[in-house]
Structures are given as structure tokens and as C-alpha cells.
1. Once you have the Cα-Cα distance between Arg132 and Ser105, take 0.36 nm times their residue separation minus that, and quote the gain in nm to one decimal.
2. Send over the semi-axes of the stretch 213-304's equivalent ellipsoid, whole angstrom and largest first, taken as the square roots of 5 times the C-alpha gyration tensor eigenvalues.
3. By average Cβ neighbour count within 10 Å, what is the ranking of 184-193, 211-220, 65-74 from highest down?
4. Could you list which residues have their amide H under 5 Å from that of Lys76, counting only those 5 or more apart in sequence or on another chain, with H placed in the peptide plane?
5. Take each of the peptides 150-161, 113-124, 49-60, average the number of other beta-carbon atoms within 10 Å over its residues, and list them starting from the highest.
6. Note the angle between two axes, namely the Cα long axis of helix 214-283 and the longest principal axis of the Cα atoms of the chain, as a number of degrees from 0 to 90, rounded to the nearest 10.
7. In whole Hz, with x marking every Gly and Pro, tabulate ³J(HN,Hα) for the stretch 108-124 from phi via Karplus 6.51 cos²θ - 1.76 cosθ + 1.60, θ = phi - 60°.
8. Going by Cα centres, the stretch 180-223 and the stretch 110-173 are how many Å apart?
Amino acid sequence: MSKQIQIDLPDGLKDLKGTIGSLVTILLIMLVIVGGFTSFYTVPAESQGVVLRFGKYVRTSPAGLHFKLPFGIEQKYVLPVERQLQLEFGFGTPGGTNPAQFSNSRAGQLEERNMVTGDLNAATVEWTVQYRIADPRAFLFEVRNPEEAMRHISESVMRAVVGDRTVDEVITIGRQEIESESLVKMQEVANLYNLGLSIDQVQLKDVNPPELVRPSFNEVNEAQQQREKLINIAKGEYNKVIPRARGRADQKIQAAEGYALKRVNEAEGDVALFNAVFEEYLKAPEVTKRRMYLETMQKVLPGIEGKVIMDSETTQILPFMQIAAEKK
């Protein structure tokens with residue numbers, strides 16, 4: 001039969017064993033707590049989370065509460081994909097939170113806004129670019145600094161578009177066309193470099209000639225505006241008078257056409273009446289003549305104020321006419 005040998009440890013070693021056990025228990029509890037804190041993450045509304053595992057892209061998480069592997073095995077980056085971001089060129093708004101929003105130096109802003117137009121004139125152009133993060137993965141990993149690249153792309157495209165137009169087009173009538181064309185070209189270049197950005201709007205803020213010639217240009221611009229104003233006033237008077245004259249002309253034409261139709265109808269009626277009377281005259285000339293004579297007298301006599309009825313055989317009518325005149 002085997003015998004069990006029991007060895008009694010010293011009191012110091014027993015205390016050390018208990019301390020190590022307590023430390024292991026505390027370490028396990030801390031690992032569980034740290035693992036719990038590093039395993040869950042929240043993506044705010046209007047944002048998306050990009051998860052990396054040992055530095056390699058794994059997935060994209062929508063807004064809400066999500067799980068990832070703890071202890072730095074998986075890392076997450078939260079990007080505001082629904083928020084509209086902005087870049088400013090040639091000026092800077094105080095209090096901007098985007099580091100790439102504007103050039104920090106006054107010299108840099110001055111250099112950005114000074115441009116040469118297609119007719120070799122100078123102009124100062126200030127503009128903004130509003131964009132969103134459309135592809136978080138491409139935004140994080142395709143280009144080292146996508147927003148800085150966007151600044152260079154925007155400035156290059158704007159100089160090319162402005163350089164294709166005259167200074168009058170840039171400052172006055174061509175602003176909207178410049179904005180539209182710049183937006184399309186910026187988006188094309190951003191897609192070419194796979195920046196992961198979607199450009200929403202390009203807006204020209206302040207476009208002016210250089211300061212040395214600005215007073216003269218303003219005078220020319222005011223003269224052009226005055227000319228346009230006078231032209232608009234003249235067009236207003238034209239639009240007010242011409243339709244009225246055309247209405248009167250149409251009214252007179254319609255009245256003349258109505259009168260002509262009336263006269264034609266009356267003439268046709270007179271012709272029909274004459275033909276009817278003529279047919280009756282051919283049938284009975286004496287009776288028709290007598291009837292026409294009586295009808296004519298019936299119309300004429302009521303309009304005569306004084307009437308003298310004489311015998312047809314009377315030869316001396318002057319005394320009778322004198323009597324008639326005295327009676328009257």
C-alpha cells in the first residue's frame with residue numbers, strides 16, 4: 001500500500017500563495033471589465049462606423065450600438081456621413097471647426113482668390129464647396145488626407161473654369177454657369193482619385209475686380225444697370241401701349257367688317273325687293289305704279305307741316321298760295 005506524504009509549507013509561503021491567488025482574481029475581473037468596455041461601441045445618428053481588425057478594414061457599421069473584438073483587436077472610426085461639410089477659399093469664417101475649412105494665413109487666402117480670366121484680366125474670386133462623406137472606407141484608406149486633396153482639386157478646377165471666361169462673365173452673368181461647371185468637374189476628379197466624397201454645392205461668394213480698378217469697374221457696372229433699367233422701362237411702356245393699340249385696331253376692323261356685312265345684306269335685300277316689285281310690275285304695270293305712288297305719298301306727306309290741296313284744273317295758284325301763307 002502507498003503512503004501519502006504531507007508537507008507543511010511555511011507560513012510565509014502560504015501567505016504568498018494567497019496573495020497571488022487574489023491578484024489573479026483581481027486581474028481576471030479587470031480583464032473582464034476592460035473587455036466589456038472595449039467590446040461595445042455606439043455610432044451616433046447621421047454617422048457610420050468603420051471597423052478595422054489588426055489595421056485591416058472589416059466592415060462598416062450603421063448608427064446604433066455594436067459589438068467588436070476587445071483589447072484593441074478591432075478598432076473603430078466614426079465618420080459623420082450625413083453631415084454637410086464645407087471648405088472656404090479666399091476667406092475664412094471665424095469659429096470654423098473643420099481644420100481643412102479655410103487657409104489659416106492671410107497670404108494664403110489672398111493667393112487663393114487672385115485669378116486671371118480668359119481675356120487676361122485679374123479678378124478676386126471667393127467661393128465655398130459643400131460636400132459629404134459618401135464612402136467612409138475610401139475616405140479613410142484611399143488617400144492620406146482627402147480633405148486637403150479636395151482643397152487642391154477645388155482650387156485647380158476653379159482656376160481652369162474662370163480662365164475660360166472673360167472678366168465680365170465671371171463678375172456678372174456667368175456666375176451660375178461657373179458654379180455648375182465647377183461642381184461637375186470637381187466631382188469627376190474626386191471620383192478619379194477615389195476620395196469617397198460627394199460634392200453637393202459650389203457657391204461663388206464674392207467676385208470682384210482688383211482693388212486698383214474696382215471704382216472704375218463699379219461705375220461701368222452702374223451704367224450697365226442703368227441701361228438695363230431704361231430698357232426694361234421702355235419694354236414696359238411698349239407692352240402697355242402696343243396691346244392697347246392692337247385692341248383698338250381689332251375693334252375698328254371688326255366694326256368695319258360688321259358694317260360691310262350690314263351694307264351687303266341691305267343691298268342684297270334691296271335687290272331682292274326690287275326684283276320682286278319688278279316682277280309684279282311686268283304682270284300689272286298700272287296697278288303697280290299706282291300702288292308705289294300711294295305708298296310713297298304715305299311716307300312723304302306725314303312729314304310736311306303745311307299742305308295745300310288744289311284742283312288740278314286750277315290755273316291761277318298765286319292768290320291761293322298767298323292765302324295759305326297768311327293762314328300759316
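Where a number appears in this text, it was derived from the coordinates with a stated rule and is not lab data. Computed from a predicted model, the values in this text were never measured in an experiment. Reconstructed Cβ throughout: ideal geometry from the backbone, glycine too, with neighbour counts over all protein chains shown.
1. Numbers: separation 27, 0.36 × 27 = 9.72 nm, distance 2.53 nm.
Net length gain for the segment: 7.2 nm.
2. Values: eigenvalues 1071, 40, 5 Å².
That gives 73, 14, 5 Å for the three semi-axes.
3. Details: 184-193: 16.4, 211-220: 11.5, 65-74: 13.5.
Taking the mean over residues of other Cβ atoms within 10 Å, the ranking is 184-193, 65-74, 211-220.
4. Result for Lys76 returns Leu52.
5. Details: 150-161: 19.4, 113-124: 16.1, 49-60: 14.4.
Packing order, densest peptide first, comes out as 150-161, 113-124, 49-60.
6. 40 degrees
7. x, 5, 5, 5, 5, 8, 7, 9, 10, 7, x, 9, 6, 9, 9, 8, 9
8. Here the answer is 7 Å between Cα centres.
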